[in-house]
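Structure first, commentary second.
The values are calculated or read from the model by the stated rules, or taken from the named source; none is laboratory data. Because the structure is predicted, anything quoted here is derived from the model rather than measured. A quick note on method: Cβ atoms are made from the backbone with ideal geometry, for glycine too, and the neighbour counts reach across all protein chains shown. Areas reflect the complete protein model, heavy atoms only, side chains present, ligands, DNA and RNA absent. Shrake-Rupley method; radii C 1.70, N 1.55, O 1.52, S 1.80 Å.
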Amino acid sequence: CCGCLCTTVSPHPTRNRLSRLSTISLHEKEVRTLNILFFLTPKEDVAYIYENETLRQTLEKMEHHRYACVPILSLDGKYIGSISEGDLLWEIKRRGPLSLHVMEDIPIMNIPRGHNYKPVHVNSKMENLIHRAMNQNFVPVVDDGDCFIGIVTRKDIIGYCYKQLADCYLKGDCPKQK
């Protein structure tokens, strides 16, 4: 290339991992618009629950995948919200000790959610994604029909920014601080 930081964008169709982050960098004169899909962990690689699941099913899924928060989807695949371990713990505390058998009869939609993980549209600007990621561990992504297509994690965004900054310093292309 011309010696600057430019390379081409080549998003992988099914998986986003930090190992691919080296395929994007920014040209000094022509800043390319980053696509949210570059950072997307697709739906098939994300643990989520449906609105008709129970407290027990949710706890078991969260335990199995070791997630502290999972998206909730409608039966037709639309993003409804997310539920966290904290939400479940507060509900268990409110109800008192519960057996696993009793948890099978508690619909997940009856449990109040403390934090609203707001989604971004797949065609949103990166600024919207970053703004949401500042307040959420992950950002749900929806398509034109508001169907859930995956998540972007704060970890992936920070990893990308770190790599860009490290490359900048290694090449000596960073602006001088005053």
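Taking (1) surrounded by 12 or more Cβ atoms within 10 Å (Cβ to Cβ); (2) at pLDDT below 95; (3) not in a helix (DSSP H, G or I) in turn, residue 20 satisfies each apart from (3).
Looking at the range 148-157, is at least one residue in contact (Cβ under 8 Å) with a residue 12 or more places away in the chain, crowded, with 17+ Cβ neighbours inside 10 Å and more than 21 Å from residue 44 (Cα to Cα)? No, every residue in the range 148-157 fails to be in contact (Cβ under 8 Å) with a residue 12 or more places away in the chain, crowded, with 17+ Cβ neighbours inside 10 Å and more than 21 Å from residue 44 (Cα to Cα). Note on the range 92-129: residues that are within 18 Å of residue 81 (Cα to Cα), open to solvent by 20 Å² or more (accessible area, probe 1.4 Å) and either charged (D, E, K, R) or assigned to a loop (DSSP other than H, G, I, E, B) (or both) total 9.
Out of all the residues in the range 67-86, is one or more touching a residue at least 40 places away in the same chain (Cβ under 8 Å), of a type in the set (Gly, Ala, Ser) and surrounded by 19 or more Cβ atoms within 10 Å (Cβ to Cβ)?
Residues of the range 67-86 that are touching a residue at least 40 places away in the same chain (Cβ under 8 Å), as a first pass: 68-69, 71, 73, 76-79, 82.
Now drop any that are not of a type in the set (Gly, Ala, Ser), which leaves 68, 77, 82.
This time we only want the ones that are surrounded by 19 or more Cβ atoms within 10 Å (Cβ to Cβ), so: 82.
Scanning the range 67-86 turns up at least one residue that is touching a residue at least 40 places away in the same chain (Cβ under 8 Å), of a type in the set (Gly, Ala, Ser) and surrounded by 19 or more Cβ atoms within 10 Å (Cβ to Cβ).
Restricting attention to the range 45-57, and to residues there that are over 23 Å from residue 135 (Cα atoms) and outside any loop (DSSP other than H, G, I, E, B), which single residue is least open to solvent (accessible area, probe 1.4 Å)? Let's see the steps before the verdict.
Taking the range 45-57 first, the residues over 23 Å from residue 135 (Cα atoms) are 50-57.
Imposing the further condition that a residue be outside any loop (DSSP other than H, G, I, E, B) reduces the set to 50, 54-57.
Details: 50: 67, 54: 22, 55: 0, 56: 60, 57: 85 Å².
Among them, the one singled out is 55.
Determine whether residue 132 is open to solvent by 40 Å² or more (accessible area, probe 1.4 Å), touching a strand residue (DSSP E or B) at 6+ places or on another chain (Cβ under 6 Å) and of a type outside the set (A, V, I, L, M). Show your work before the answer.
Numbers: open to solvent by 40 Å² or more (accessible area, probe 1.4 Å): yes; touching a strand residue (DSSP E or B) at 6+ places or on another chain (Cβ under 6 Å): yes; of a type outside the set (A, V, I, L, M): yes.
In short, yes.
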